[in-house]
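**Q** Can you keep this structure in mind? I'll have questions shortly.
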Amino acid sequence: MANSKYEYVKSFEVEDEVMLPNLIVVRIDGRHFRRFSEVHEFEKPNDEQALNLMNSCATAMLEEYPDIVFSYGFGDEYSFVFKKASKFYQRRASKILSLTVSFFSSVYAMKWKEFFPQKELRYQPSFHGRVISCASMEVLQAYLAWRQDDCHINNQHNTCFWMLVKSGKSKREAQDILKGTQKEEKNELLFQQFGINYKKLPDMFRQGSYFCRREVTFHPSNETHTINLIF
Ligand code: ATP
Ligand code: ATP
Ligand code: MG
Ligand code: MG
Ligand code: MG
């Protein structure tokens, strides 16, 4: 209520505006999804339907929030990039973060049946998140390159780990075999022991998924069109 004698407590709210010209990025990540993926019997190392569900939630985010121009995700995480000059919720980190995690979590639960018609959602999935304030496009590029590198490292490790486990090794034995191995050794292990050419595994597993909002500019004279990312 306006002019209440208690209104002064409003000034105790944490100030958390992401200042211009920083770019706002939000990354969400499934809470305890190691357990969640076991309880819900996800295929290992990659459950394609679970990834499709994450991708569908990311698309729903872009549909709901016009200021999100780009998203990138793998496994149980997704990053959302807001347009440069976004004024969404006065650029307040806590508002934007809370909306992102709550919307994403509820879409995930609502869409579960669509992607897993045969599997009951056994408990409420939740996501944690953080805001990253990127000072420039270069920082944003480095951020996304870092996430994609993590996708690659995780996927390569998980692919080796689960191949070893499926071939009869215990989880501890598989861990010990992989300890300290470099990328090349892991590729070699997959090829020598299991005949797997890592590079031929699906792109979505190795590199993750992205969605972007695009502006399509048509050039009627030659019928071609150019596509520009809106930023
Ligand atoms: P935290 O709460 O700290 O995020 P976490 O258990 O979710 O804990 P992460 O590092 O986020 O830990 O790892 C995600 C886990 O979920 C991994 O164990 C990964 O194998 C599993 N997972 C996520 N998506 C899939 C998928 N599509 N298929 C198989 N497993 C998945
Ligand atoms: P914002 O996104 O800014 O929070 P809002 O539409 O949620 O926008 P609020 O000021 O939070 O705005 O108001 C909540 C609205 O929800 C009010 O219009 C209120 O009447 C309605 N509402 C919430 N709970 C109930 C309820 N239990 N019964 C009837 N109406 C409700
Ligand atoms: Mg997680
Ligand atoms: Mg994760
Ligand atoms: Mg409200």
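**Q** Taking the criterion of being touching a Lys or Arg at 6+ places or on another chain (Cβ under 8 Å) and free of Cβ contacts under 8 Å to residues at least 24 places away in the same chain, would at least one residue in segment 95-118 satisfy it?
**A** No - not one qualifying residue is present in segment 95-118.
**Q** Within segment 108-144, can you find the residues that are part of a strand (DSSP E or B) and within 16 Å of ligand 3 (Cβ to nearest atom)? Let's see the steps before the verdict.
**A** From segment 108-144, those part of a strand (DSSP E or B) are 127-134; that's our starting set.
Selection gives 127, 128, 129, 130.
**Q** For residues that are within 24 Å of residue 143 (Cα to Cα), more than 13 Å from the chain's Cα centre (by Cα), more than 16 Å from ligand 4 (Cβ to nearest atom) and polar (S, T, N, Q), tally how many sit in segment 20-70.
**A** Number of matching residues: 1.
**Q** Out of (1) closer than 22 Å to residue 202 by Cβ; (2) open to solvent by less than 50 Å² (accessible area, probe 1.4 Å); (3) in a helix (DSSP H, G or I), what's the single condition that is false for residue 103?
**A** Among (1) closer than 22 Å to residue 202 by Cβ; (2) open to solvent by less than 50 Å² (accessible area, probe 1.4 Å); (3) in a helix (DSSP H, G or I), the lone unmet condition for residue 103 is (1).
**Q** Going by the conditions given, is residue 28 in contact with an Asp or Glu (Cβ under 7 Å, 6 or more places away or on another chain) and buried (at least 17 other Cβ atoms within 10 Å of the Cβ)?
**A** Considered against the rule, which asks whether it is in contact with an Asp or Glu (Cβ under 7 Å, 6 or more places away or on another chain) and buried (at least 17 other Cβ atoms within 10 Å of the Cβ), residue 28 comes out as yes.
**Q** May I ask you to verify whether residue 126 is touching a residue at least 12 places away in the same chain (Cβ under 8 Å), touching a strand residue (DSSP E or B) at 6+ places or on another chain (Cβ under 6 Å) and closer than 23 Å to residue 47 by Cβ?
**A** Against the criterion (touching a residue at least 12 places away in the same chain (Cβ under 8 Å), touching a strand residue (DSSP E or B) at 6+ places or on another chain (Cβ under 6 Å) and closer than 23 Å to residue 47 by Cβ), residue 126 does not qualify.
**Q** Looking at (1) under 28 Å from the mean Cα position of the chain (by Cα); (2) modelled with pLDDT under 95, which one does residue 223 not meet, given that it meets all the others?
**A** Unmet for residue 223, out of (1) under 28 Å from the mean Cα position of the chain (by Cα); (2) modelled with pLDDT under 95: (1).
**Q** Would you check which residues across segment 134-152 are in contact with a helix residue (DSSP H, G or I) (Cβ under 8 Å, 6 or more places away or on another chain) and open to solvent by 60 Å² or more (accessible area, probe 1.4 Å) and list them?
**A** Of everything in segment 134-152, just one residue is in contact with a helix residue (DSSP H, G or I) (Cβ under 8 Å, 6 or more places away or on another chain) and open to solvent by 60 Å² or more (accessible area, probe 1.4 Å), namely 148.
**Q** Just checking, which of 39, 18, 9 is open to solvent by less than 20 Å² (accessible area, probe 1.4 Å), of a type outside the set (Gly, Ala, Ser) and at negative phi?
**A** 18
**Q** Which residue pairs have Cβ atoms closer than 7 Å, lie 6 or more positions apart in sequence or on different chains, and pair a first residue in segment 27-50 that is under 22 Å from residue 163 (Cβ atoms) and outside any loop (DSSP other than H, G, I, E, B) with a second residue that is within 12 Å of ligand 4 (Cβ to nearest atom) and open to solvent by 100 Å² or more (accessible area, probe 1.4 Å)?
**A** none
**Q** Kindly indicate whether residue 191 is assigned to a helix (DSSP H, G or I), surrounded by 15 or more Cβ atoms within 10 Å (Cβ to Cβ) and of a type in the set (Phe, Trp, Tyr).
**A** No.
**Q** What number of residues in segment 71-100 are away from ligand 4 (no atom under 16 Å from the Cβ), in a strand (DSSP E or B) and farther than 14 Å from residue 132 by Cβ? If you could, list the steps in order and put the result at the bottom.
**A** Initial filter on segment 71-100 (away from ligand 4 (no atom under 16 Å from the Cβ)): 81-99.
Filter again for in a strand (DSSP E or B), leaving 81-82, 92.
Right, trim to farther than 14 Å from residue 132 by Cβ and you get 92.
Within segment 71-100, residues that are away from ligand 4 (no atom under 16 Å from the Cβ), in a strand (DSSP E or B) and farther than 14 Å from residue 132 by Cβ number 1.
The values are calculated or read from the model by the stated rules, or taken from the named source; none is laboratory data. Model, not experiment: these values are computed from the prediction. Positions of Cβ are generated from backbone atoms using ideal geometry, with glycine treated the same way; all protein chains shown enter the neighbour counts. Remember, those area values only see protein heavy atoms, side chains included, never the ligands or the DNA or RNA. Shrake-Rupley method; radii C 1.70, N 1.55, O 1.52, S 1.80 Å.
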